[in-house]
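Take a look at the structure set out below.
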């Protein structure tokens, strides 16, 4: 790495520590969840956050947007939500001086740096697909015209694992656009005591803005410049290939319980996640332990289990645990 990159890496670590300190003013505990969400953001990745109501998912996303000085919009997904409600629509506008009428595109809530897609599985696939082009290409097409989205651009979607009535499972193509699936669990007893004390008092946190959008994008570019050894890349690709039941070398566990394994995008995100974790730990290159750290978040929504696995109570996290034991 260049000397300038090394100095920027130190600055990145300092800013990351400050960001975590600011988040801690509002979010108590959930260190692992915060780390994973921040890593995905530093990698220009989108995240799907799964957890029961009341675990501060919305507050976490809003807090991160404020600290990074990014524009933020929340979209509540409902069964009657239409694609135009997300992307925007054209309206007829009349020029009062000439009397001429023209169509004008009114931008929807997706035109922001950070989008919270709340309970994304409550909207039908037609509406969910409105996010696909935005998540992949950072632009929206309407009536034959393409409109660029503000950069950086992130979709942080939430999903409630309890209620399944009136919900629509996300298509595999859309799931694959998410870098991480982050599971958020209940706080510990000590954390819950602190949460209740804080939220039922007159305490009001004042958040400081640590960096702006331009600085954040420079840090994203820095993470991509971090070198990775060929050995780590080969081990990563090997791990991903073992999730595919049609691979000759795949273990019996995969062939018995998996219908479809992870694709090449999983390998890309594992390496990016490893780079980010190394950078945020002030290391100049990631090792395979960094890849293993990101494995569950990257692979859990890319390993599609079959009926046998469902009948025996085997989920993708169990399968990933077994795969990592051999590495």
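What follows is calculated from the coordinates using simple rules that are stated; it is not laboratory data. Predicted model only: the values in this text are computed from it and were never measured. Positions of Cβ are backbone-derived with ideal geometry, glycine not excepted, and every protein chain shown enters the neighbour counts.
Quick notes on this structure:
- The three principal axes of the C-alpha atoms in the stretch 227-327 carry coordinate ranges of 44, 24, 22 Å, sorted with the longest axis first.
- Relative protection proxy for 41-47, 318-324, from highest mean packing down: 41-47, 318-324 (other beta-carbon atoms within 10 angstrom).
- Among beta bridges that DSSP assigns inside the stretch 109-235, antiparallel share in %, nearest 5: 50
- Counted over all Cα-Cα pairs of the chain, pairs farther apart than 34 Å make up 29 percent.
- Dimensionless Rg/Rh of the stretch 14-81 - Kirkwood Rh, Rg from C-alpha atoms: 0.97
- With a simple spin-label model that places each label point 7 Å from the Cα along the Cα-to-Cβ direction, the separation between residue 139 and residue 98 comes to 2.7 nm.
- For the stretch 115-257, alpha-carbon Rg and Dmax in angstrom: 20.9, 62
- Spread over its residues, the convex hull of the C-alpha atoms of the stretch 56-104 is 121 Å³ per residue.
- Label-point gap, in nm, between residue 252 and residue 194 - each point 7 angstrom along Cα→Cβ: 4.6
- Per-selection metrics, the stretch 176-217 (Cα): Rg and Dmax in Å: 16.5, 43
- Candidates 213, 294, 309, ranked by Gaussian network fluctuation over the chain, Cα under 10 Å, top entry: 309
- Of the beta bridges in the chain, as assigned by DSSP with both residues counted there, near 40 percent are antiparallel.
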